[in-house]
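Since the structure comes first, as structure tokens, the remarks are kept for the end.
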Amino acid sequence: MGSYLNPGNKGFRESLNSEIYVDKTELVEKTNAVLDTRQKFLCVSRPRRFGKSMAADMLAAYYERGEDSASLFDFLKISKSISYQKHRNQHDVIKVNMQEFFSMAHNMDDMLCMFQRYLIFELKDYFENIRFRDENNLIQVEN
């Protein structure tokens, strides 16, 4: 379980244990519907204080292959979906809070360079056989 790659389900578990929790797992069903399509790149936006972090924690907990999340989702709305079992814990997930990186950098270029360094370090640690053609370029990966 990494910091960015397959970050675990602790954040979503804390949301479920909170006094106020609203089941928003239908977002997972909508996301499942566009996997393996040209529409697979999604932007989940909400107004300030309307659950963006909780939604990111939920999606990471559902998709990531790092740990089994059945006990978190089996009683929620998504568990009734046809696609529930097919995608649960079947994908590698990268979850990043860009605000954390921006708070450590002086400008956007510094932030992106720092983000790339941290992510490459974690990818190399997780995937032992991964090779980068260019250590400064996330796009240039060889398997």
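Quick note: the coordinates plus some simple rules give every number you see, no bench work behind them. Treat the numbers as computed from the prediction; the structure is a model and nothing was measured. In this analysis, Cβ positions are derived from the backbone assuming ideal geometry, glycine residues included, and neighbour counts consider all displayed protein chains.
At-a-glance table
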quantity	calculated
Sites SER3 and ARG49 - FRET efficiency at Förster radius 35 Å, r taken between beta-carbons, to 0.05	0.90
Label-point separation, GLU67 to THR37 (7 Å along Cα→Cβ), nm	3.2
Assigned charges on the beta-carbon of Lys, Arg, Asp, Glu; the chain dipole about Cα centre (debye)	580
Theoretical gain in end-to-end length, ILE20 to GLU100 [0.36 nm per residue, Cα-Cα removed]	26.2 nm
Relative contact order for the stretch 1-118, counting Cα pairs under 8 Å that sit 6 or more residues apart, in percent	34
Among SER83, ASN6, ASN17 the positive-end extreme of the charge dipole of the stretch 1-113 (Cβ point charges)	SER83
CD proxy at 222 nm, helix term only [per DSSP H run n ≥ 4: -39500 (n - 2.57); per residue of the chain; nearest 500]	-12500 deg cm²/dmol
